[in-house]
Structures are given as structure tokens and as C-alpha cells.
Amino acid sequence: QVHVVESGGGLVQAGGSLRLTCTVSGNIVSFNAMGWYRQAPGNQREPVAGLTSGGITTYAGSVKGRFTISRDNAKNTVYLQMNSLKPEDTAVYYCGIIRADVPGSDRRDYWGQGTQVTVSS
């Protein structure tokens with residue numbers, strides 16, 4: 001059983017910062033990447049930042065230079081540091097572990113329930 005739990009969302013003024021935390025538990029042998037996605041009302045879920053198992057980071061163009069994804073392997077935790085937040089960053093942010101290999105299961109993605117980020121102007 002794999003559990004993905006996000007935390008750290010909230011309400012912040014434009015220009016402010018938040019740090020999202022994603023904690024993963026379970027018997028995961030390997031995975032392709034961990035990442036943060038977001039979904040605003042009326043929009044499709046979109047990728048925000050990713051971190052491969054090899055340590056390569058990727059960012060959406062809209063957040064590059066403002067957001068930073070990092071990982072603490074000892075804590076099975078992934079962070080998303082969000083600076084210079086804008087109202088258009090308002091969304092539910094989801095953490096996912098991509099193509100995870102769990103004994104007894106097919107490789108698949110696992111997602112958390114999401115955490116709301118609201119940026120006021």
C-alpha cells in the first residue's frame with residue numbers, strides 16, 4: 001500500500017512564499033519520478049515541477065525561476081518551494097509518484113489528495 005500525503009497549502013498574498021511537502025510511504029522498490037501538478041477550477045491538471053529518480057529537475061515555464069522542487073530521501077519527502085507567488089498560481093496542488101514499482105502490483109502512478117494554494121492579489 002502506497003500513501004502520498006501533501007501539506008503546506010494555504011492563503012498567501014501575491015509576492016509571498018509557501019513550501020509544499022509531500023510524504024510518501026509504502027514498499028516502493030523504484031520509481032521514474034516524483035512531481036507536483038496543479039489544477040485550477042475549470043482547467044485541466046497540469047505539471048508544475050518534476051524530479052526524476054536520477055535527480056533531474058523539470059519545471060513548467062510559468063513557474064521556472066520561482067519554484068524549486070527538492071527531495072529528502074531519508075524522509076521519503078518531496079518539497080515544492082514556491083516564491084514570488086502570483087494569483088494565477090491559485091490551484092489545488094497534487095503530488096505524484098510516477099511509475100512506481102511496488103511488489104505485487106503493476107507499475108503505476110500514485111497521487112495524493114491535493115492541497116489548496118490560494119494567492120490573493
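Quick notes on this one:
- Per residue accessible area of the chain, 1.4 Å probe, in Å²: 53 Å²
- In Å, descending, principal axis extents of the Cα set of the range 1-57: 40, 24, 18
- Rule-of-thumb Rg ratio for the chain [Cα; 2.2 N^0.38 Å; N residues]: 1.03
- Note on the chain: antiparallel DSSP beta bridges, both residues inside, total approximately 90 percent of the bridges counted.
- Volume of the convex hull of the range 80-121 (Cα atoms only), normalised per residue: 75 Å³.
The values are calculated or read from the model by the stated rules, or taken from the named source; none is laboratory data. Bear in mind the structure is a predicted one, so any value in this text is a computation, not a measurement. Each accessible area value is taken on the protein alone, full model and side chains, heavy atoms only, with ligands, DNA and RNA left out. Shrake-Rupley method; radii C 1.70, N 1.55, O 1.52, S 1.80 Å.
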